[in-house]
1. I need the helices (runs of 4 or more DSSP H) fully contained in the stretch 1-73, keeping only those with at least 2 residues that are among the hydroxyl-bearing types (Ser, Thr, Tyr) and surrounded by fewer than 16 Cβ atoms within 10 Å (Cβ to Cβ).
2. Given the criteria surrounded by fewer than 18 Cβ atoms within 10 Å (Cβ to Cβ), touching a helix residue (DSSP H, G or I) at 6+ places or on another chain (Cβ under 9 Å) and over 27 Å from GLY69 (Cβ atoms), does GLU132 qualify?
3. Filtering the stretch 95-137 down to residues that are aliphatic (A, V, I, L, M), in a helix (DSSP H, G or I) and at pLDDT below 85, which residue is nearest to SER190 (Cα to Cα)?
4. Out of GLY269, GLY265, report the one residue that is touching a helix residue (DSSP H, G or I) at 6+ places or on another chain (Cβ under 7 Å), at pLDDT below 85 and not hydrophobic (A, V, I, L, M, F, W, C).
5. In the stretch 155-183, which residue that is in contact with a Gly (Cβ under 6 Å, 6 or more places away or on another chain) and not in a loop (DSSP other than H, G, I, E, B) is surrounded by the fewest Cβ atoms within 10 Å (Cβ to Cβ)?
6. Among the residues of the stretch 1-27, write down those that are over 20 Å from GLY304 (Cβ atoms), at pLDDT 80 or above and either in contact with a strand residue (DSSP E or B) (Cβ under 7 Å, 6 or more places away or on another chain) or not small (Gly, Ala, Ser) (or both).
7. Counting only residues that are assigned to a loop (DSSP other than H, G, I, E, B) and touching a residue at least 24 places away in the same chain (Cβ under 8 Å), which one in the stretch 262-277 is surrounded by the most Cβ atoms within 10 Å (Cβ to Cβ)?
Amino acid sequence: MVNILTRSLIKSFTKLNPISIGTKFFPTNSLETEYVELFNYTQTILFEIDKAEITSDSILENLIRDVGGENLPDDYNFYELKPAENKIEEYALVSNIIMGNDRYFYIELPNPSNLINIFVKIIENEKGEVVEKTATELVAKMLSKNDAIRVAIELIGIGLSEGVQVISAVGMTGAASIERAIHYTQNVGSFPGIAFTKLGGEYALVFDSPFLLQESRPVTLENYLFIDLIDSTKFIDKKGRNQLVELMTGIKNFIETECNGELEGYREGGDDFIARFPSKDLAIRAGLDTAWFALDNGAKIRAGVGKSRREAGERAQLVDNLNSTSPLSLVVFELANGLYAYNIPSEFTKTLINLVENEKAKLIGVFAFVFVFTYLMSVLGFGMFSFVGVIIALVYALLA
């Protein structure tokens with residue numbers, strides 16, 4: 001959350017609505033710790049550009065798109081067990097999108113069956129990992145939440161064809177998926193189906209009649225990242241073309257080696273490129289990494305993530321149309337049916353945020369100094385020099 005004073009300050013400079021500064025996500029491994037520290041150290045701001053309208057219909061629409069209509073039978077029921085709030089929650093965004101955490105799933109059979117061994121082989125063929133297995137239960141970890149839902153639907157269909165009612169659920173951990181399965185049976189009953197979360201809400205797909213999909217396959221979703229250096233001419237004038245080439249080459253190598261990205265249309269000495277990624281979370285993380293790296297080297301980028309090259313490019317170009325007081329280093333992406341962006345603020349903006357958030361006493365002192373200085377200058381007949389007090393206060397704030 002952002003307090004009222006900080007929100008007003010940021011909106012006055014950026015003309016955008018800030019949702020959060022940094023993150024409240026609690027890391028559980030080295031990768032998460034690295035990103036949480038970067039979010040909080042750089043005071044990365046999450047902006048809302050176009051508000052998402054989150055409803056049951058939009059959740060189902062996104063589910064069909066992400067899992068693939070071909071991986072769903074014609075006959076199913078969609079239940080809302082717990083409605084999602086009609087807002088983007090920063091913690092859930094970092095957990096489910098940026099870190100891609102919610103990918104464990106639990107399978108439960110009513111009685112011991114050899115189906116459990118068949119399910120293990122299918123999961124392993126889908127590049128999943130079986131964590132625990134008994135005669136009636138198993139917990140597995142998939143590459144993504146969408147893969148977990150897709151494979152669970154396939155297993156439920158096989159179970160129905162054999163007259164076995166399979167219950168499944170997806171969660172951030174094995175324990176969370178088991179807990180969600182319990183919640184499912186308490187609210188829906190012991191009907192074959194799968195429970196999962198989407199954007200903070202809890203939902204379920206329930207299947208009444210047998211079905212057998214031809215072949216369950218991962219959805220081929222292209223995830224493109226468009227990167228463009230803001231005001232590269234000014235950067236070259238200040239630091240030289242060699243520095244530009246060095247910066248862009250560093251970004252290119254990082255995306256290829258660390259982010260699993262495939263670059264398209266890169267020209268040495270250029271200031272922009274497009275990269276393709278196997279998943280949305282990797283594309284957003286690569287955009288954030290690039291923005292942090294660029295700012296550390298005295299540059300700003302505009303970045304867009306989309307399902308096509310054009311969509312990614314259009315989202316990056318949104319930065320030019322924002323009514324900000326100065327160009328913003330933004331990573332723009334879609335969430336539900338809205339548009340959101342991460343902004344890596346400048347050192348000046350970070351200083352102001354830190355004053356408002358953490359050093360209110362110092363901020364009050366600065367305002368008091370400006371007020372007294374302005375009053376004294378007016379009394380002495382030098383009112384036109386009152387701006388000097390503002391400059392002194394700003395210099396003090398920055399140096400302090």
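1. Qualifying helices (runs of 4 or more DSSP H): 4-14, 30-41.
2. Numbers: surrounded by fewer than 18 Cβ atoms within 10 Å (Cβ to Cβ): yes; touching a helix residue (DSSP H, G or I) at 6+ places or on another chain (Cβ under 9 Å): yes; over 27 Å from GLY69 (Cβ atoms): yes.
For GLU132, the condition - surrounded by fewer than 18 Cβ atoms within 10 Å (Cβ to Cβ), touching a helix residue (DSSP H, G or I) at 6+ places or on another chain (Cβ under 9 Å) and over 27 Å from GLY69 (Cβ atoms) - is met.
3. At the first step, the residues of the stretch 95-137 found to be aliphatic (A, V, I, L, M) are 97-99, 107, 109, 115-116, 118, 120, 122-123, 130-131, 135.
Still in the list and also in a helix (DSSP H, G or I): 97-98, 115-116, 118, 120, 122-123.
Narrowing further to those that are at pLDDT below 85: 97-98.
Working: ILE97: 31, ILE98: 34 Å.
Within the stretch 95-137, the match that is nearest to SER190 (Cα to Cα) is ILE97.
4. Working: GLY265 fails: touching a helix residue (DSSP H, G or I) at 6+ places or on another chain (Cβ under 7 Å).
Only one candidate qualifies: GLY269.
5. Of the stretch 155-183, the ones in contact with a Gly (Cβ under 6 Å, 6 or more places away or on another chain) are 166, 177, 180.
Now narrow it down to the ones that are not in a loop (DSSP other than H, G, I, E, B): 177, 180.
Details: SER177: 26, ARG180: 24.
Filtering the stretch 155-183 for residues that are in contact with a Gly (Cβ under 6 Å, 6 or more places away or on another chain) and not in a loop (DSSP other than H, G, I, E, B), the one surrounded by the fewest Cβ atoms within 10 Å (Cβ to Cβ) comes out as ARG180.
6. If we filter the stretch 1-27 for residues that are over 20 Å from GLY304 (Cβ atoms), which is where we start, we get 1-13, 20-27.
Narrowing the set further to residues that are at pLDDT 80 or above leaves 20-27.
SER20, ILE21, THR23, LYS24, PHE25, PHE26, PRO27 - these are the residues of the stretch 1-27 that are over 20 Å from GLY304 (Cβ atoms), at pLDDT 80 or above and either in contact with a strand residue (DSSP E or B) (Cβ under 7 Å, 6 or more places away or on another chain) or not small (Gly, Ala, Ser) (or both).
7. Within the stretch 262-277, the first condition is being assigned to a loop (DSSP other than H, G, I, E, B), and the residues that meet it are 265-271.
Going one step further and asking which of them are touching a residue at least 24 places away in the same chain (Cβ under 8 Å), we end up with 269, 271.
On the way: GLY269: 11, ASP271: 20.
Out of the qualifying residues, it is ASP271.
Matching residues to (1) at pLDDT 70 or above; (2) open to solvent by less than 20 Å² (accessible area, probe 1.4 Å):
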{"residue": "ILE284", "(1), (2)": "yes, yes"}
{"residue": "ARG309", "(1), (2)": "yes, no"}
{"residue": "ALA312", "(1), (2)": "yes, yes"}
{"residue": "LEU322", "(1), (2)": "yes, no"}
{"residue": "ASN343", "(1), (2)": "yes, yes"}
{"residue": "ASN358", "(1), (2)": "no, no"}
{"residue": "PHE367", "(1), (2)": "no, no"}
{"residue": "PHE371", "(1), (2)": "no, no"}
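The values are calculated or read from the model by the stated rules, or taken from the named source; none is laboratory data. The model shown is predicted, which means the values in this text are computed figures rather than measured ones. Cβ sites come from the backbone with ideal geometry, for glycine too, and all protein chains shown count toward neighbours. Ligands, DNA and RNA are stripped out before the accessible areas are found, and what is left, the full protein with its side chains, is counted by its heavy atoms. Shrake-Rupley method; radii C 1.70, N 1.55, O 1.52, S 1.80 Å.
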